[in-house]
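Just below is one structure, and these are the notes that go with it.
Just so it is clear, none of the values below were taken in a lab; they were calculated from the coordinates. Quick caveat: nothing in here was measured; it's all calculated off a predicted structure. Using ideal geometry, Cβ is built from the backbone for each residue, glycine included, and neighbour counts are taken over all protein chains shown.
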């Protein structure tokens, strides 16, 4: 290229978009983290900041995931269980999640 | 068309059954973050300059990619960029993006068409290039 065209205005616009993207990512992360620390949902955290009514405490703190058929297959293989024995698989899943939580809480105390 | 009139126009508009959630982002240059209903995971960023209306969606960062397959990915991106409707692939800094540019004299209908197509293309591209992620 002999002479570079002057696209500095366009370049500035691209930079502005970049800043906007980083900012909105940071904002979203801040809301997720502060909500988690205060045991709130992200939506309630947004309502709190905006001074709109929100639920002070989570009605029922939940930790659920929806397991699909293929998830049960994977987990049954991992635990050496029958994929149809879903109650046993769920029990092992609960145990594994509790172990993770205990380990995590001990680690973060240190 | 400027960002302010675009914010007002998109707020109440519907295009191909889609609605638009517009949020102006603070900064020196006005930028809009537009979330197209049904494509919430890929927000589109819009700026207006004298020469163009630039609409851009972020796909992934270089750090997220498998370095050994980077050349293959670039090759595929160049090839896909041509037939992809209304959008092209590019890069700003470490971010890989899909974007579309319109004339600053474009009307709301053209802009909405661009936003819907771009957000849909971004989702399709994320699925297409999933294998290249580290």
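On a 0 to 90° scale, report how tilted helix A:86-109 is relative to the longest principal axis of chain A, with both axes built from alpha carbons and the result rounded to the nearest 10.
The helix A:86-109 is inclined about 60 degrees to chain A.
Rounded, prolate or oblate: which fits region A:3-95, taking a ≥ b ≥ c as square roots of the Cα gyration tensor eigenvalues, rounded meaning a/c under 1.5, else prolate when a/b beats b/c?
oblate
Could you tell me the distance between the Cα centroids of region B:90-105 and region B:24-67, to the nearest Å?
Going from one Cα centre to the other spans 8 Å.
Rounding to the nearest 10 and keeping the result within 0 to 90°, find how far the Cα-based axis of helix B:108-128 lies from the longest principal axis of chain B.
Long axis of B:108-128 versus the principal axis of chain B: about 20 degrees.
Where does each of A:93-99, A:39-45 land if you order them by average Cβ count within 10 Å, highest first?
By packing density, highest mean first, the sequence is A:39-45, A:93-99.
Treat each spin label as a single point 7 Å out from the Cα along the C-beta direction, and report the residue B:69 to residue B:94 distance in nm.
2.0
Using only the alpha-carbon atoms of chain B, report the extent along each of the three principal axes, biggest first, to the nearest angstrom.
46, 33, 23
On C-alpha positions alone, give me the angle between the axis of helix B:70-81 and the longest principal axis of chain B, in degrees, nearest 10.
40
In a solvent-free Debye calculation with one equal scatterer on each Cα, what is log10 I(q)/I(0) for region A:20-59 at q = 0.26, 0.30 Å⁻¹, listed in the order of the q values?
Log10 of I(q)/I(0), two decimals: -0.82, -0.97.
So what's the back-of-envelope 222 nm ellipticity for the protein assembly as shown, counting only DSSP H runs of four-plus at -39500 (n - 2.57) apiece and dividing by all residues, rounded to 500?
Estimated from H runs of four or more residues: -15500 deg cm²/dmol.
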